[in-house]
Amino acid sequence: MRGYIGKHTALVGALLATTSMASAEDVEVLHWWTSGGEAAALNVLKEDLQTQDIGWQDMPVAGGGGTEAMTVLRARVTSGNPPTAVQMLGFDILDWAEQDALANLNDVAAEEGWDAVVPDALKAFSMHDGNWIAAPVNVHSTNWVWANKSILDDLGIAQPTTWDEFVAALEAVKASGKTALAHGGQAWQDATILDGVILSTGGVDFYKKALIDLDAEALGSDTMKEAFDRMAVLRSYVDDNFSGRDWNLASAMVINDEAAFQIMGDWAKGEFLNAGKVPGEDFLCFRVPGSEDAVSFNSDQFAMFGVSGDEAVQAQNAMAAAIMSPEFQSAFNVVKGSVPARTDVPNDDFDDCGKKGMAELSAANDAGTLVGSMAHGHANRAAVKNAIYDVVTAHFNGEYDSETAVQELVTAVEINK
Ligand code: GAL
């Protein structure tokens, strides 16, 4: 190598110059997309940026829902070395904006006309004080059930349309010796189930009162107790090894014919697709029975942290513009399981679950039944979310009965709101 440099100093000098220029145009991306389906979607993003000569430095932090990623982010910012671009959810974005840590994306937003195509429900988190602070890459929703079609067919179980039918279906699967409900005992997964269960038990208005307005009466109500009772029912249908299991391994149980159902956000579909499974043929997607009129959403957005140097800022803006292009939004979300974050993307390339998701998002938006997911940081600040997580998990693991869980919930929310 040294000899090579000796002979080709000029060339190497030029190469080094190019390299350092390229590294100035790199984006370091902190994210938690580490499962098979998530990584496949992330590749769509990496490849898209590559075609635009934006280099990618990967900073993955495993852990569904992003709790661990947010801890790493805090440490990086505290040590004065923030990543340039960060996958982030809902109120976390607003928290960082309030701390003046985020770059202003107004120029790129204006150039690309974001204002006209991003729905208000997302703008509530992409904008702060009238400024664009994040680029939304998708819209996920949490009140979904993923079902193994052949298990249901073999047992003569029809797709459940009410809560009682769902419980009867779980019971029939359990009686057959298969696992009825694939689940991973992690706080964020327990909370993800609760999003759908609360919608199904109390309806959209109750969900809003309890989880968004944090109304003490709703939180302490009989309806909330019933929601916890339903959580206990679900608990009785998970297998013995559920504790600590990652969500994608729970999806794999449904994919591999070991379990019939999983209640999980539509990132689960990314796992089914990554395993070559086809919606309608191998698996079914439907809303948590009783929550069909509602959509509890979360949107992954990329927030850009303050960086210095024109080239670095240009790379951030180029990444933001790339994320928001309609072609990219289609290509990425087809793989990820989510739906586009802009309203003008055609649904042609989406499978039946994706088309259903897009239609339901738009209908819920029009009907006022689109609500932020509590479990994924779109209903309240992290302190409240984490307080709810603790109660839900303690109850799911049998530490609290439903009555106690309700009381603990009221207290925990009151202290942390
Ligand atoms: C969510 C995120 C999804 C998916 C999921 C599991 O919070 O919005 O994109 O990654 O966590 O990791």
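Looking at the stretch 132-141, is at least one residue within 16 Å of the ligand (Cβ to nearest atom) and under 28 Å from residue 243 (Cβ atoms)? Taking every residue of the stretch 132-141 in turn, at least one turns out to be within 16 Å of the ligand (Cβ to nearest atom) and under 28 Å from residue 243 (Cβ atoms). Selection of the stretch 300-333 for residues being assigned to a helix (DSSP H, G or I) and open to solvent by 40 Å² or more (accessible area, probe 1.4 Å) yields 310, 311, 313, 314, 317, 326, 327, 331. Residues considered: 78, 142, 84, 67. Of these, the only one that is free of Cβ contacts under 8 Å to residues at least 40 places away in the same chain and β-branched (Val, Ile, Thr) is 78.
The rows are residues; the columns are (1) in contact with a Pro (Cβ under 9 Å, 6 or more places away or on another chain); (2) basic (Lys, Arg); (3) within 20 Å of residue 363 (Cα to Cα).
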position: 286; (1), (2), (3): yes, no, yes
position: 289; (1), (2), (3): yes, no, yes
position: 293; (1), (2), (3): no, no, yes
position: 304; (1), (2), (3): no, no, no
position: 332; (1), (2), (3): yes, no, no
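For residue 349, the criteria (1) within 20 Å of residue 126 (Cβ to Cβ); (2) more than 16 Å from the ligand (Cβ to nearest atom); (3) at pLDDT 95 or above hold in every case but one, which is (1). Per the listing 268, 275, 294, 259, the residue uniquely within 16 Å of the chain's Cα centre (by Cα) and of a type outside the set (Asp, Glu) is 268. Only one residue in 62, 41, 69 is in contact with a helix residue (DSSP H, G or I) (Cβ under 6 Å, 6 or more places away or on another chain), at pLDDT 90 or above, within 16 Å of the ligand (Cβ to nearest atom) and not in a strand (DSSP E or B), so which one is that? Selected residue: 41, the only one of 62, 41, 69 that is in contact with a helix residue (DSSP H, G or I) (Cβ under 6 Å, 6 or more places away or on another chain), at pLDDT 90 or above, within 16 Å of the ligand (Cβ to nearest atom) and not in a strand (DSSP E or B). On inspection, residue 185 passes the criterion of being surrounded by fewer than 22 Cβ atoms within 10 Å (Cβ to Cβ) and in contact (Cβ under 8 Å) with a residue 12 or more places away in the chain.
If you filter the stretch 72-92 down to residues that are touching a His at 6+ places or on another chain (Cβ under 8 Å) and of a type in the set (A, V, I, L, M, F, W, C), you find that the one that is nearest to residue 60 (Cα to Cα) is 86. Can you find even one residue in the stretch 211-220 that is without any contact (Cβ under 8 Å) to a residue 24 or more places away in the chain and either crowded, with 22+ Cβ neighbours inside 10 Å or not charged (D, E, K, R) (or both)? Yes, the stretch 211-220 contains a residue that is without any contact (Cβ under 8 Å) to a residue 24 or more places away in the chain and either crowded, with 22+ Cβ neighbours inside 10 Å or not charged (D, E, K, R) (or both).
Scanning the stretch 175-188 for residues that are over 9 Å from residue 242 (Cβ atoms) and either among the small types (Gly, Ala, Ser) or within 16 Å of the ligand (Cβ to nearest atom) (or both) yields 175, 176, 177, 180, 186, 187, 188. From the list 364, 375, the one residue that fits, being in contact with a Leu (Cβ under 9 Å, 6 or more places away or on another chain), assigned to a loop (DSSP other than H, G, I, E, B), among the aliphatic types (A, V, I, L, M) and modelled with pLDDT of 95 or more, is 375.
The values are calculated or read from the model by the stated rules, or taken from the named source; none is laboratory data. What you see is a predicted model, and the numbers here were worked out from it, not measured in a lab. When we count neighbours, we look across all protein chains shown, and the Cβ atoms used for this are built from the backbone with ideal geometry, even at glycine. Areas reflect the complete protein model, heavy atoms only, side chains present, ligands, DNA and RNA absent. Shrake-Rupley method; radii C 1.70, N 1.55, O 1.52, S 1.80 Å.
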